[in-house]
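A.B. asks: One structure is given below, represented as structure tokens, and several questions about it will come after.
Just so it is clear, none of the values below were taken in a lab; they were calculated from the coordinates. Remember, predicted model here, so these are calculated numbers, not experimental data. Cβ sites come from the backbone with ideal geometry, for glycine too, and all protein chains shown count toward neighbours.
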Ligand code: C2E
Ligand code: CA
Ligand code: CA
């Protein structure tokens, strides 16, 4: 059942029942009023009857007075004893002159009739009238009569003690009865001592039966009458028969009016109810339903809000708010489906779409496409080490710089993914630190290479992140359509492989895809996976390479160099696996292990009596910039009970640049423990004097590449001399790396380089073997111009 019908079913009785009740009460009231008016009418009739009777009695009294004063009759009364027959003749005489007198009789004191006369007109009267001294009414021959007895007092002048009975016709009463009947259809009847004074025999029978208690309705001559009895004198009763036809007619008329009013007001009320329910309830509900259906069907078209202050008005406002939210959410979801929420760049889904469109266009134009796949080097460490906020900020800045590198600067706005189909160059973010760029209308791969170089150049400038200058580089892989693939997926996969290859071969450059790349990339992935179990399997070991002192230094010095003794592949060089460990973040664990292991070895040597041992260990830029090796160093120093200056940390110049603020703080903290710090590979990077002053450095390690040509390039020697001079002036120890020849050694010795590290003396090897070098050196007669510094150190 519909809501409106339900409302009507509930409200219908509420409207109709009061209406019916109202008409019932009105009818009752009307009936009462009718009853009252009938009673009133009876009262009037009674008064009229009494009056008529009174007139007749006046007549009757008047006649008796005339009888008594009539001379002849007076005479007859006087001589009643002597001539009783005289009264009869004189009475007859009197009657003839007084036709009104229908009957007259004179009775003695004892009630015997002395004379009686009856008018000829008075036909139909009973032969003997009842001996009565009270008033009686008769009906005879369509007329009404009144019989009355008048007794003369005993001391009267005329006829003392005699009674005169008179009978007069109630003509006026008859007329009254007839007129009443004619004018208002009311039947007036009189009952004398219970006798009906009427010639209507049926009525005569009916009325006594009905009696006083027999209800107040009567049917006669197929008419209905309302019967009402009123006593006029103790013996005389007036009965009115009021025909109910008129009353019924007016009752019916009233009923009709009431019914019409009830029906009309019922209908009007229902109509108003129907309209009100529709406007107040059902219409708004239908609108809500339509709105909900729209929303279900994904149509968020706004609907006019109902300006009402009631609950439905509020509901309408809430629904509008809800619709707005849903619309926003749906737009947002759509945006998420096609755009990266962080940078606002298109995401992988829309990027693949775009490549597909561009492929179709290239098939027509004959141009090539280039897909550039970027991955930020070491981004993982920024994110893990400095926090996601930092990382997010970095990605946004990177995305902004990438946008500046493409020809069309109008980068597609989020929420407008259809516009991507018309774009010629699109940058997207695939997730994490992976960005992609598609270039269309390319004539040769050189054009793509130029863009890649431009991008690398743009990214090489520092990023300002929370007051830190942070450096980051990227590796870029490039695939070309149609050469390297014909579907977006293949092109992306191959660009990714090329990017991997670029990363493996030293980062911060770009590589074009080559089908031969797949193998090393797979190997790299395999190696990365097996690295995690390698530590637990004791596959990592530290080799030690002696640093030989030239000028009476009293310390044994070594550098630790890590090796991976792979169960299947054999010994793997750190140049291969350290970058892998850095990329995966595993370097933090591995680096901590190396520090701990180094300290353990120092303690071992201390226990063996080699108290003046100093060992340097390499700290990856990733650890330096994004990790916290301070705690590890503190713990290792404490748990192995070694002197802090026995440990040295080697860092590279390029490592210092990436997140300078962090690095300075960390190195100062490490330095304040008493641990030594060496700057590795000096001369390959910026060789900045500023760094030497800014960082708390103890040792400068001149890079192998430098040493390599000092014997053949005089300029190199000059630079070497100035570096050593600079180091000396800053009171730094100088270590020369990669010394392989006697010539190199001589040149360095002549320039008073403190330590020599290189294959000329010893290769990196197991710790015992490394220490054996010093012992051997001590016993053997070396050519070092020194009086056995080593021997001195071994106490
Ligand atoms: P590095 O710190 O510059 O280490 C010196 C490298 O030069 C070592 O290579 C060493 O074997 C090599 N070398 C020493 N003397 C000579 C020489 O006379 N001639 C030649 N040609 N080479 C010489 P290695 O052991 O292969 O290590 C390569 C790089 O791997 C190291 O360069 C260092 O950057 C990194 N590395 C090694 N072990 C670790 C480590 O435990 N942690 C970290 N973070 N990096 C490490
Ligand atoms: Ca080193
Ligand atoms: Ca080095």
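A.B. asks: Only helical DSSP H runs with n ≥ 4 go in: add -39500 (n - 2.57) per run for the chain, normalise by residue count and round the 222 nm mean residue ellipticity to 500 deg cm²/dmol.
C.D. replies: -17000 deg cm²/dmol
A.B. asks: Which FRET efficiency, nearest 0.05, do residue 140 and residue 246 yield, Cβ-Cβ r, R0 35 Å? Before the final figure, lay out the partial values.
C.D. replies: Working: r = 32 Å, r/R0 = 0.93.
Given R0 = 35 Å and the Cβ-Cβ separation, E is 0.60.
A.B. asks: Taking 51 Å as R0, compute the FRET efficiency from the Cβ-Cβ separation of residue 260 and residue 285 and round it to 0.05.
C.D. replies: Here the calculated transfer efficiency is 0.90.
A.B. asks: Provide the percentage of antiparallel DSSP beta bridges, counting only those with both residues in the chain; round to the nearest 5. Please report the intermediate quantities before stating the final value.
C.D. replies: Working: 82 of 107 bridges.
Looking only at bridges with both residues in the chain, the antiparallel portion is about 75 percent.
A.B. asks: Between residue 297 and residue 69, how many nm apart are label points set 7 Å from Cα along the C-beta direction?
C.D. replies: Placing both labels 7 Å along Cα→Cβ, they lie 11.6 nm apart.
A.B. asks: A further question follows. Can you tell me the length gained on complete extension of the stretch residue 389 to residue 33, counting 0.36 nm per residue apart and subtracting the Cα distance?
C.D. replies: Details: separation 356, 0.36 × 356 = 128.16 nm, distance 9.61 nm.
Contour length minus Cα-Cα distance gives 118.6 nm.
A.B. asks: Here's something else I'd like to know. Points 7 angstrom from Cα along the Cβ direction at residue 328 and residue 453: gap in nanometres?
C.D. replies: Taking the two extended label points, one gets 4.9 nm.
A.B. asks: Just report the Cα centroid separation between the stretch 493-518 and the stretch 586-662, whole Å.
C.D. replies: The distance from the Cα centre of the stretch 493-518 to that of the stretch 586-662 comes to 33 Å.
A.B. asks: To test your reading of the geometry: what angle, between 0 and 90 degrees and rounded to tens, separates the Cα axis of helix 518-536 from the longest principal axis of the chain?
C.D. replies: Around 90 degrees separate the two axes.
A.B. asks: By how many nm would the segment from residue 314 to residue 270 lengthen if fully extended, with 0.36 nm per residue of separation less the alpha-carbon distance?
C.D. replies: 13.1 nm
A.B. asks: Could you check the simple spin-label distance between residue 628 and residue 98, using points 7 Å along Cα→Cβ, in nm with one decimal?
C.D. replies: In this crude spin-label approximation the distance works out to 15.3 nm.
A.B. asks: Now for a different question. Using mean Cβ contacts within 10 Å as the protection proxy, how do 622-629, 150-157, 337-344 order, highest first?
C.D. replies: Working: 622-629: 22.9, 150-157: 12.5, 337-344: 18.0.
Packing proxy ranking, top to bottom: 622-629, 337-344, 150-157.
A.B. asks: Order of 499, 34 from fewest to most other C-beta atoms within 10 Å? Let's see the in-between values first.
C.D. replies: Numbers: 499 26, 34 18.
Going from sparsest to densest Cβ surroundings: 34, 499.
A.B. asks: So what are the radius of gyration and Dmax for the Cα set of the stretch 238-385, in Å?
C.D. replies: My reading of the Cα-based Rg and Dmax gives 36.9, 132 Å.
A.B. asks: Further question on the same structure: Suppose a student asked you for the relative contact order of the stretch 135-269, using Cα pairs under 8 Å spaced at least 6 residues apart; what percent would you report? Intermediate results must be reported in sequence, preceding the final value.
C.D. replies: Values: 183 pairs, mean separation 23.0, N = 135.
After rounding, I find 17 percent.
A.B. asks: Tell me, what are the semi-axes, in whole angstrom and largest first, of the equivalent ellipsoid of the chain as set by the roots of 5 times the Cα gyration tensor eigenvalues?
C.D. replies: Working: eigenvalues 4716, 192, 71 Å².
For the chain, the ellipsoid semi-axes come out as 154, 31, 19 Å.
A.B. asks: With just the Cα atoms defining each centre, how far is the stretch 433-468 from the stretch 266-297? Give it in Å.
C.D. replies: 62
A.B. asks: Here's a follow-up. From Cα pairs below 8 angstrom and at least 6 apart in sequence, can you work out the relative contact order of the chain, rounded to a whole percent?
C.D. replies: Numbers: 1203 pairs, mean separation 57.9, N = 795.
Relative contact order for the chain comes out at 7 percent.
A.B. asks: Can you work out D for the stretch 1-120 in µm² s⁻¹ from Stokes-Einstein, where Rh is the Kirkwood radius over C-alpha pairs, the temperature is 37 °C and the viscosity is 0.692 mPa s?
C.D. replies: Numbers: Rh = 20.5 Å.
So the translational diffusion coefficient is about 160 µm²/s.
A.B. asks: Hey, what did the stretch 101-190 get for relative contact order, percent, Cα under 8 Å, at least 6 apart?
C.D. replies: Details: 147 pairs, mean separation 24.9, N = 90.
RCO, the stretch 101-190: 28 percent.
A.B. asks: What ranking of 247, 531 emerges when the number of other C-beta atoms within 10 Å of each C-beta is taken as an exposure proxy, fewest first? Walk me through the numbers on the way to the answer.
C.D. replies: Values: 247 18, 531 21.
By the 10 Å Cβ count, ascending, the order reads 247, 531.
A.B. asks: Using a Förster radius of 25 Å, what is the FRET efficiency between residue 364 and residue 487 based on their Cβ-Cβ separation? Nearest 0.05, please. Don't skip to the end; give the middle numbers.
C.D. replies: Values: r = 18 Å, r/R0 = 0.70.
In this case the efficiency is close to 0.90.
A.B. asks: Gain in length, residue 305 to residue 82, computed as 0.36 nm per residue apart minus the alpha-carbon separation, to one decimal in nm? Can you show the working numbers first?
C.D. replies: On the way: separation 223, 0.36 × 223 = 80.28 nm, distance 12.59 nm.
Result for the pair: 67.7 nm of gain on full extension.
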